[in-house]
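The next block holds one structure in the form of structure tokens; read it before the comments.
The values are calculated or read from the model by the stated rules, or taken from the named source; none is laboratory data. This structure is a prediction, so every number in the text was calculated from the model and none was measured. Reconstructed Cβ throughout: ideal geometry from the backbone, glycine too, with neighbour counts over all protein chains shown.
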Amino acid sequence: MASDLDFSPPEVPEPTFLENLLRYGLFLGAIFQLICVLAIIVPIPKSHEATRLAIGYYK
């Protein structure tokens, strides 16, 4: 009964070109979405001129 068990790894076919394209396309899409979300969350520092105008310093 113990000799009937087969513990060898299953045979997995190589991914096709379209499967690889889908995998890496989804991966790049996820990175792009993370960059977009971070761009909304992380504030961008204002320029020096805009900062001077905001605090009322005119030169």
Check on LEU53, at pLDDT 85 or above, surrounded by 10 or more Cβ atoms within 10 Å (Cβ to Cβ), of a type in the set (A, V, I, L, M) and assigned to a helix (DSSP H, G or I):
no
Go over the candidates LEU22, LEU18, LEU34 one by one and state the one that is over 19 Å from the mean Cα position of the chain (by Cα) and modelled with pLDDT of 95 or more.
LEU18
